[in-house]
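Data first, discussion second: the structure below is written as structure tokens.
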Amino acid sequence: MPRPQPEPVQVVKQRRDAALKAMVEGVPYVQWLGISFDRRGDELTAILSYDEKLIGNPLLPAIHGGVTAAFLEVTAIVELGWSMIWDEVEAKKLEPEDLTAGALRLPKTIDFTVDYLRSGLPRDAYARARVNRLGRRYASVHVEAWQDNRSRLFAQATGHFLMPQRDG
Amino acid sequence: MEDRKATLARQFIEAIPHARALGMDLTELGEGLAEIVMPYADHLVGDPSTGVIHGGAVSTLMDTCCGAAVMSHPSIPAATATIDLRIDYMRAATPGQSLRARAECYHRTRSVAFVRAVAHDDDAERPVATATGAFTIETNGGAT
């Protein structure tokens, strides 16, 4: 039997980007903080664009510890949501209306522990999360954030999340 | 005396651009205790289908309040920074209501302050979140 033709690259990209956009752009707080996501295949990198309103200590100056925590938490939730829907996106099971703002139920944070390693400098920051366990109800996620050097983390965090109950 | 305290409280928030951006109000400060109120705002929403604010905004409120509690310790630290902070989310904050966090610096050594905090909305019986953290103590001119 002949192998089916692979989908055109634009079609695949468009579908994946629409799914990611639905999780990120519909959330006012994520937009307000200035967080966006870069996608390479299924790998996500969160980007926190520097802005003066993110400063917590104007003398150093340094990014507010709460902003760092929020950035890590957003990264963890989006990565987890992304892992949750990836198979359905690939199987074309999600309709465009499943992906409108607020239609997708995201995981809820149970607890979140942030480890502050050095002060956040007044410039862009990046973060990547790793889902260490994804069960039907609970998930455990680790996140790392850096600025100039990938190997010099300025913060890391671990959180536990309650997964939304989904049909099918 | 009360006026001086109120001025200090106002200056504390005004010195922190991000606390100002969130409309925080330091309502109590002293002896290692702090209380901060953060009003509800549309840009803090984390779940557009319900209007519940994002956990990240709660983290920021907790971190700021814990830092204020450390700074108000009778030993008067020159500065502080968060070493670690754990937040437990008990329930979603009610949309439209302010969040009130109270933090207590319950122990300090020469270089570390241990703090716990709790946040409520209008329901004072059921906490929205609790936090525990360790903070650095920076003193001018080294060890005290």
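Remark on region B:39-53: accessible area falls by at least 40 square angstrom from chain-alone to full-complex state for B:43, B:48, probe 1.4 angstrom.
Summarising the amide proton neighbourhood of residue B:128: residues at separation of 5 or more, or on other chains, whose placed amide H is nearer than 5 Å comprise B:119, B:120, B:121.
Hey, what did region A:38-164 get for relative contact order, percent, Cα under 8 Å, at least 6 apart?
Working: 227 pairs, mean separation 37.4, N = 127.
The value is 29 percent.
Against chain B, whose longest principal axis comes from its Cα atoms, helix B:2-14 is set at around 70 degrees. Modelled label positions at residue B:91 and residue B:43, each set 7 Å beyond Cα in the direction of Cβ, lie 3.0 nm from each other.
Once the Cα atoms are used to define both axes, helix A:65-90 deviates from the longest principal axis of chain A by about 10 degrees. Label reach from residue A:47 (point 7 Å along Cα→C-beta): in region A:59-93, amide nitrogens under 18 Å belong to A:71-72, A:74-76, A:78-79.
Per-residue ellipticity at 222 nm computed for chain B from its helices equals -7500 deg cm²/dmol, with DSSP H segments shorter than 4 residues left out and the rest contributing -39,500 (n - 2.57). Taken over chain A, the alpha-carbon convex hull comes to 136 cubic angstrom per residue.
Excluding ligands, DNA and RNA, what is the accessible area buried between chains B and A, summed over both sides, using a 1.4 Å probe, to the nearest 100 Å²?
Working: alone 7820 and 9980 Å², together 15460 Å².
So the total buried area for this chain pair works out to about 2300 Å².
Over chain B, the hull volume per residue, using the convex hull of the C-alpha atoms, is 107 Å³.
Indicate the gyration tensor shape class of region A:1-76 (rounded, prolate or oblate), computed on the Cα atoms with a ≥ b ≥ c the square roots of the eigenvalues: a/c under 1.5 is rounded; otherwise a/b larger than b/c is prolate and the rest oblate. Walk me through the numbers before you get to the answer.
Values: a/c = 3.92, a/b = 3.27, b/c = 1.20.
Prolate, since a/c reaches 1.5 and a/b exceeds b/c.
Close amide H partners of residue A:57, meaning residues 5 or more places away or on another chain with modelled amide H under 5 Å apart, are A:62, A:64. Under the rule of -39500 (n - 2.57) per DSSP H run of 4 or more residues, summed and divided by the residues of chain A, what mean residue ellipticity at 222 nm is obtained, to the nearest 500 deg cm²/dmol? It lands at -9500 deg cm²/dmol. The modelled label-to-label distance between residue B:122 and residue A:14, using points 7 Å beyond Cα along the C-beta direction, is 4.7 nm.
What is the percent carbon and sulfur in the accessible area of chain B, measuring with a 1.4 Å probe over the protein chains and ignoring ligands?
Working: 3470 of 6660 Å².
The C+S portion of the solvent-accessible surface of chain B is 52 percent.
The phi torsions of region B:122-135, fed into the Karplus equation with coefficients 6.51, -1.76 and 1.60 and a -60° offset, translate into couplings of 5, 8, 6, 8, 10, x, 7, 7, 10, 9, 9, x, 10, 10 Hz, rounded to whole numbers, with Gly and Pro shown as x.
For chain B, the longest principal axis of the C-alpha atoms and the axis of helix B:55-71 are separated by about 20°. Interface burial in region A:15-45, defined as at least 30 Å² less accessible area with all protein chains than with the chain alone at a 1.4 Å probe, covers A:27, A:28, A:29, A:32. Ignoring ligands, DNA and RNA, what percent of the 1.4 Å accessible area of region A:9-162 is carbon and sulfur? Here it works out to 49 percent. Using θ = phi - 60° in the Karplus curve 6.51 cos²θ - 1.76 cosθ + 1.60, the 3J(HN,Hα) couplings for region B:108-121 round to 9, 10, 4, 10, 10, 10, 10, 10, 10, 8, 9, 10, 10, 9 Hz; x is entered for Gly and Pro.
Counting pairwise Cα distances across the protein assembly as shown, what percent come out greater than 27 angstrom? Each step should come with its number before you reach the end.
Details: 20569 of 48516 pairs.
Taking all Cα-Cα pairs of the protein assembly as shown, the fraction more than 27 Å apart is 42 percent.
Is the shape of region A:93-168 best called rounded, prolate or oblate, per the rule: a/c under 1.5 gives rounded, else a/b larger than b/c gives prolate, else oblate, with a ≥ b ≥ c the square roots of the Cα gyration tensor eigenvalues? Judged from the Cα gyration tensor, region A:93-168 comes out prolate (a/c at least 1.5, a/b above b/c).
Protein heavy-atom accessible surface, 1.4 Å probe, per residue over the protein assembly as shown: 50 Å².
The values are calculated or read from the model by the stated rules, or taken from the named source; none is laboratory data. Treat the numbers as computed from the prediction; the structure is a model and nothing was measured. No Cβ is skipped: glycine too gets one built from the backbone with ideal geometry, and neighbour counts run over all protein chains shown. When the accessible area is computed, the model is the full protein with side chains, heavy atoms only, and any ligands, DNA or RNA have been set aside. Shrake-Rupley method; radii C 1.70, N 1.55, O 1.52, S 1.80 Å.
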